[in-house]
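As structure tokens, the structure follows; a few thoughts come after it.
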Amino acid sequence: LSQAIRFASGGTELDDQDIAPILETLKGRLMGKNVAEEIASKLCESIRTSLVGKKRAALSSINGIVEGAVEDALVRILTPKKQTDVLREAMRAKSDGRVYSIVFIGVNGVGKSTNLAKVAHWLMGHGLKVMLCACDTFRSGAVEQLRTHATRLGIPLFERGYEKDPSSVAREGLKHAAATGIDVVLVDTAGRMQDNEPLMRALAKLVHSNDPDLVLFVGEMLVGNDAVDQLTKFHQKLIDLCPVAKASKPRSVDAICLTKYDTVDDKVGAALSMVYVSGAPIVFVGTGQSYQDLRKLSVKNFVDQLMR
Amino acid sequence: MVLTELGARLSGALVKMSKSSKVDQDVVDACLKEICTALLQADVNVRLVKQLQTNVKMSLNLEDLQSGFNAQRILQKSVFQELTRLMDGGKPWVPKKGKQSVVMFVGLQGNGKTTTCTKYAYHYKRKGFKVAMVCADTFRAGAFDQLKQNATKARVPFFGSHTETDPVKIAEEGVERFRTEKVDIIIVDTSGRHKQESALFEEMRNISEVVQPNNVIYVMDGAMGQAAHDQALAFRDTVDVGSIIVTKMDGHAKGGGALSAVAATRSPVCFIGTGEHMDEFEPFEAESFVSRLLGLGDFKGLMNK
Ligand SMILES: Nc1nc2c(ncn2[C@@H]2O[C@H](COP(=O)(O)OP(=O)(O)OP(=O)(O)O)[C@@H](O)[C@H]2O)c(=O)[nH]1
Ligand SMILES: Nc1nc2c(ncn2[C@@H]2O[C@H](COP(=O)(O)OP(=O)(O)OP(=O)(O)O)[C@@H](O)[C@H]2O)c(=O)[nH]1
Ligand SMILES: [Mg+2]
Ligand SMILES: [Mg+2]
């Protein structure tokens with residue numbers, strides 16, 4: 001920060017005029033790190049209200065106080081309120097004798113199919129029997145893409161070709177898995193724009209009529225301000241377009257898989273935007289194009305990169 | 001594209017300005033700040049926005065801004081001109097009838113290269129060109145099937161392999177084959193890559209060396225945020241990027257990242273992608289793009305008054 005660091009004796013109150021310019025600079029820095037404008041604004045506004053009028057300790061710098069408050073807020077936002085342990089849940093389902101399922105959803109080209117294959121590889125490494133289910137019945141090559149992964153990983157693929165109703169492919173796949181002793185089914189879906197009503201309706205149907213254990217939203221680190229809109233609408237439309245029969249128990253985004261972490265250097269702001277709007281935990285981070293390139297979120301790393 | 005809310009925001013600020021009888025620096029600053037916020041929300045690079053703010057501020061002469069309405073027009077015009085200037089990457093390369101050309105597609109993972117190759121092929125095929133596609137992506141699972149199925153739908157000849165693992169070899173063979181078959185536009189699709197992995201950039205350079213493209217098209221996702229500039233620059237530094245295609249403009253994103261790509265590559269946008277189907281493809285128009293970026297459909301009309 002370029003502002004002169006100001007020191008004061010203990011007991012004085014922080015006022016708006018002191019804080020505002022520092023927060024303005026911080027906001028610019030967060031946006032430069034690819035945090036959506038709306039989120040950067042909201043974050044800075046809440047820091048402002050929380051600090052104005054606060055007494056400050058002797059010999060503390062205003063900059064230090066503000067930066068510390070921002071850092072704390074970032075850690076708080078990125079630390080999930082509800083822990084989601086995919087492996088443990090899958091293991092528990094197995095010991096209960098039922099199939100565990102994850103549906104991968106998101107906009108076009110973010111890495112759903114690739115990261116689905118990585119998750120398969122990871123679960124296999126823990127001794128689970130995994131099956132892939134090809135419910136992108138629209139995009140050219142989508143079925144072959146999944147078949148290639150299934151072959152490489154040496155696991156079964158359930159597919160019914162193209163132009164089939166994805167929702168019924170998923171249903172048949174889950175039934176097939178239960179009958180053949182599979183532990184986990186990973187359901188691939190076609191990419192879609194969050195404003196595309198017919199496609200969002202089809203997704204709501206697939207999710208609600210199959211009731212997977214986890215609805216996993218896949219979002220890429222490259223996305224800018226659209227991150228906010230994507231999460232908001234995938235969440236809301238799944239609920240709004242829920243078939244009447246399931247209206248008492250609508251499903252929505254349960255967790256997030258962040259991809260392409262390796263392509264943005266320290267511009268990691270999209271992660272913050274996504275978690276801020278959805279409150280959903282980040283359960284996987286994609287860090288490359290190989291099966292091993294799947295990580296858990298390190299909140300500390302993210303916050304360091306954002307504050308640097 | 002959903003730009004109405006942005007339009008509403010902007011006109012809010014401008015209306016405030018037009019109502020004030022005396023325009024002072026504070027009014028101008030507030031208005032300019034609101035425009036800049038809108039641009040930041042549209043994913044325009046943070047540094048570009050700052051620069052734009054300074055440039056516009058400098059170009060304004062407070063004395064000239066007697067009435068609010070006048071000030072509003074001058075301010076709008078100034079922002080519009082500045083953005084249009086930023087989007088101007090020169091004249092786009094176009095294929096010529098009777099002259100054989102190779103067009104190579106490059107870009108980040110999942111940004112729409114393979115889909116856009118087909119759109120491009122289909123566009124020129126309908127204009128009477130003889131086109132063909134080469135799949136030089138041996139990395140992504142199912143890449144060749146994707147291109148094959150697309151090409152079959154568009155009835156465009158294609159070349160690729162399920163077994164060959166060297167994309168340079170395929171690119172060379174494919175281009176050679178279609179050269180002898182007197183194809184007008186030979187389109188070469190490549191794998192997605194990113195600047196952080198130098199081996200992938202080296203591969204792109206090698207492909208470019210063997211196919212000797214007449215034009216390299218950088219395909220970028222219209223939803224891309226602040227990483228847009230550095231990635232585009234790195235591609236430009238490795239291969240001779242000549243044009244840009246911005247995809248997924250049927251989504252909610254405004255496409256402000258494209259400004260960075262134009263600035264970094266000093267190349268023009270030639271088309272935009274507006275859907276997953278092969279005919280969802282439009283020639284690029286800088287002024288309407290900028291109007292949409294600002295959420296002002298009638299900006300041009302307003303300026304010409
Ligand atoms: N660098 C990098 N590339 C990735 C990562 N995850 C996926 N990709 C690449 O992104 C591209 C698109 O991935 P896909 O898995 O096909 O994306 P998708 O979301 O299934 O795409 P659609 O089904 O077409 O919507 C591929 O080239 C992947 O190799 C990642 O973490 N890092
Ligand atoms: N809605 C929409 N989707 C698009 C558009 N262009 C491409 N897509 C989709 O984006 C996804 C990725 O497109 P691809 O053509 O596979 O991207 P790519 O750059 O070839 O990907 P890699 O080869 O893995 O790097 C697919 O689901 C496409 O259908 C567009 O203009 N609008
Ligand atoms: Mg996919
Ligand atoms: Mg491709």
One would report the antiparallel percent of DSSP beta bridges in chain B, rounded to the nearest 5, as 10 percent
The Kirkwood hydrodynamic radius of segment B:133-203, taken as the inverse of the mean 1/r over all distinct Cα pairs, in Å, comes to 12.6 Å
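Taking N as the number of residues in segment B:127-170, what is its Cα Rg relative to 2.2 N^0.38 Å?
Numbers: Rg = 11.0 Å, N = 44, 2.2 N^0.38 = 9.3 Å.
Computed over Cα atoms of segment B:127-170, the ratio equals 1.19.
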Computed over chain A: longest principal axis from alpha-carbon atoms vs helix A:37-51 long axis, angle to nearest 10 degrees, is 50 degrees
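Seen from all sides and averaged, what is the projected area of the convex hull of the Cα atoms in segment A:13-103, in nm²?
For segment A:13-103, averaging the hull's shadow over all directions gives 8.8 nm².
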Karplus-derived 3J(HN,Hα) from phi for segment B:80-91 (6.51 cos²θ - 1.76 cosθ + 1.60, θ = phi - 60°), whole Hz, x at Gly and Pro, runs 4, 5, 4, 5, 4, 4, 5, 7, 8, x, x, 7
So, for the Cα atoms of segment A:151-212, Rg and Dmax in Å stand at 12.8, 38
By the Cα gyration tensor axes a ≥ b ≥ c (a/c under 1.5 gives rounded; else a/b larger than b/c gives prolate, otherwise oblate), the shape of chain A is prolate
Cβ-Cβ cut-off under 10 Å around B:Ser161, Lys and Arg +1, Asp and Glu -1: the net charge is -2
With only helices counted (DSSP H, runs n ≥ 4, each -39500 (n - 2.57)), the per-residue ellipticity at 222 nm for chain B, to the nearest 500, works out to -16000 deg cm²/dmol
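Restricting to the protein assembly as shown, compute how many DSSP beta bridges are antiparallel as a %, nearest 5.
Values: 8 of 60 bridges.
DSSP beta bridges in the protein assembly as shown are roughly 15 percent antiparallel.
Can you pick out the pairs among A:Lys164/A:Lys233; B:Lys96/B:Lys148; B:Lys77/B:Lys125; A:Lys118/A:Lys267; A:Lys81/A:Lys237 whose Cα atoms lie more than 32 Å from each other? Walk me through the numbers before you get to the answer.
Numbers: A:Lys164/A:Lys233 25 Å; B:Lys96/B:Lys148 26 Å; B:Lys77/B:Lys125 39 Å; A:Lys118/A:Lys267 24 Å; A:Lys81/A:Lys237 23 Å.
Checking Cα-Cα distances, B:Lys77/B:Lys125 exceed 32 Å.
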Helix A:86-95 sits off the longest principal axis of the Cα atoms of chain A, rounded to the nearest 10 on a 0 to 90 degree scale, by 40 degrees
Total charge of the residues flanking B:Met224 in space, meaning their Cβ is under 10 Å from its Cβ, with Lys and Arg +1 and Asp and Glu -1, is -3
Partner aspartates and glutamates whose C-alpha sits under 16 Å from that of A:Lys33, ignoring same-chain residues fewer than 8 away, are A:Glu24, A:Glu67, A:Glu71, A:Glu220, A:Asp226, A:Asp262, A:Asp265, A:Asp266, A:Asp304, B:Asp43, B:Asp230
Any trypsin sites (Lys or Arg not before Pro) in segment A:193-296 that lie in a DSSP loop and have at most 14 other Cβ atoms within 10 Å would be A:Lys296
Cα-based Rg then Dmax for the protein assembly as shown, in Å, read 25.6, 84
For segment A:171-188, in residue order, the Karplus 3J(HN,Hα) values (coefficients 6.51, -1.76, 1.60; θ = phi - 60°; whole Hz; Gly and Pro = x) are 4, 4, x, 5, 5, 4, 4, 4, 6, 10, x, 7, 8, 10, 10, 10, 9, 8
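Report the per residue volume, in Å³, of the convex hull enclosing the C-alpha atoms of segment A:129-241.
On the way: hull volume 12.8 nm³, N = 113.
About 113 Å³ per residue, rounded to a whole number.
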Relative to chain A, whose Cα atoms define the longest principal axis, helix A:226-240 and its Cα axis are tilted in degrees, nearest 10, by 50 degrees
The correct pair for segment B:201-305, radius of gyration to one decimal and Dmax as a whole number, both in Å and from Cα atoms, is 15.1, 53
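Taking square-rooted eigenvalues a ≥ b ≥ c of the alpha carbon gyration tensor, is chain B rounded, prolate or oblate, where a/c under 1.5 means rounded and, failing that, a/b exceeding b/c means prolate?
Values: a/c = 2.73, a/b = 2.36, b/c = 1.16.
Here chain B falls in the prolate category.
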Sorted on mean Cβ neighbours within 10 Å (highest first), peptides B:238-247, B:185-194 come out as B:185-194, B:238-247
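What value does segment A:167-308 have for Rg/Rh, both radii from Cα atoms and Rh as Kirkwood defines it? Spell out each step's value before the answer.
Numbers: Rg = 16.4 Å, Rh = 16.4 Å.
Result for segment A:167-308 is an Rg/Rh of 1.00.
None of the figures in this text is laboratory data; all of them are computed from the coordinates on show. What you see is a predicted model, and the numbers here were worked out from it, not measured in a lab. For neighbour counting, all protein chains shown are included, and Cβ atoms are generated from backbone atoms with ideal geometry for every residue, glycine included.
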